[in-house]
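The values are calculated or read from the model by the stated rules, or taken from the named source; none is laboratory data. Treat the numbers as computed from the prediction; the structure is a model and nothing was measured. Heads up, the Cβs are rebuilt from the backbone with ideal geometry, glycines too, and the neighbour counts pull from every protein chain shown. Protein only, heavy atoms only, side chains kept; ligands, DNA and RNA dropped before computing areas. Shrake-Rupley method; radii C 1.70, N 1.55, O 1.52, S 1.80 Å.
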Amino acid sequence: MKTSNPIFSRWSAGRDAGQVDASVRHPVGATVGGRPADDYATNPYSTAAGPGAGPDARAGRTALTIDDVVVRTATTLGTVALAAVLSWLLLPADEANIGRSYGIAVGAALVAFVLAMIQTFKRAPAPALVLGYAAFEGVFLGVISSATSTYIAPGVVVQAVLGTFAVSAGVLIAYRMRWIRVTQRFAGFVAAAATGFLLLLVADLLFSAFGAGNGLGFNSGGLGIAFGVIGIVLGAAFLALDFKQVEDAIAYGAPREEAWLSAFGLTMTLVWIYLEALRVLSIFNSDN
């Protein structure tokens with residue numbers, strides 16, 4: 001299954017390179033090094049032990065488990081949360097410090113973006129890059145959340161955090177119950193929808209920057225709420241893709257260090273959902 005999340009594209013590329021073996025069907029995630037039930041015959045991790053090598057040939061390598069993914073993801077999200085809290089406390093978005101706070105937030109966002117791009121195109125997972133991204137992303141989120149809570153909608157940050165948890169839990173339950181079927185067609189649709197969404201967002205920013213005032217209207221009123229809800233739905237779809245990639249990696253017997261890539265992808269998706277939830281709730285509360 002191909003995915004629009006570049007963090008996991010290596011796994012999909014390795015699988016798509018082989019021929020489908022219709023005679024072998026194992027339950028998804030049933031055994032470490034096993035083959036997911038609904039996709040591909042070629043194991044992208046077998047090349048470490050030679051072409052066509054099976055689990056026995058990779059016995060000297062520690063395989064990825066769900067516990068590894070949970071621990072790395074908790075560590076990464078904890079870094080984001082800690083940095084956000086510290087930036088909220090140490091860089092208050094009040095009238096005396098608003099310019100400095102926004103400047104630091106923009107700088108932190110740019111650094112986080114650069115680190116994310118380096119890790120995205122890097123062949124091996126680098127914990128320092130992942131945690132560095134999390135720290136700078138946390139600074140950005142802390143300042144933005146503080147400013148939103150102070151000037152737009154007091155209390156909205158707690159609502160956005162709870163909303164993010166609710167969306168994540170809902171997607172996880174739906175995925176585990178197989179109410180969401182992550183297929184190649186699903187991934188393609190999500191990629192196309194996300195591309196259109198981002199192009200509209202860039203157009204809105206450009207219109208705003210060149211004197212169009214409220215841009216395309218995505219930051220206020222009913223149109224803004226609808227645009228934010230679409231963003232949340234896209235984030236939920238990406239979360240399902242992330243779950244699928246983690247499940248497949250475990251089933252293929254991916255090396256343990258790949259857990260950092262899982263944590264990276266999940267963190268980026270959760271940050272997306274939080275920001276879109278913050279947008280929707282801010283518009284809704286400000287209109288009221």
With the structure loaded, tell me whether VAL106 is β-branched (Val, Ile, Thr) and surrounded by 14 or more Cβ atoms within 10 Å (Cβ to Cβ) or whether it fails that test.
no
Return yes or no: is ALA112 farther than 19 Å from VAL233 by Cα and in a helix (DSSP H, G or I)?
yes
For ILE118, state whether it is part of a helix (DSSP H, G or I), within 13 Å of PHE264 (Cα to Cα) and open to solvent by 40 Å² or more (accessible area, probe 1.4 Å).
yes
From the list SER145, SER149, which residue is polar (S, T, N, Q), open to solvent by 20 Å² or more (accessible area, probe 1.4 Å) and either more than 19 Å from GLU276 (Cα to Cα) or at pLDDT below 95 (or both)?
SER149
Hits in the stretch 192-215 (condition: of a type in the set (Gly, Ala, Ser), outside any loop (DSSP other than H, G, I, E, B) and either more than 16 Å from the chain's Cα centre (by Cα) or modelled with pLDDT of 90 or more (or both))
ALA192, ALA193, GLY196, ALA203, SER208, ALA209
Filter result (in a helix (DSSP H, G or I), at pLDDT 90 or above and either hydrophobic (A, V, I, L, M, F, W, C) or in contact with a Lys or Arg (Cβ under 9 Å, 6 or more places away or on another chain) (or both)) within the stretch 173-186:
ILE173, ALA174, TYR175, PHE186
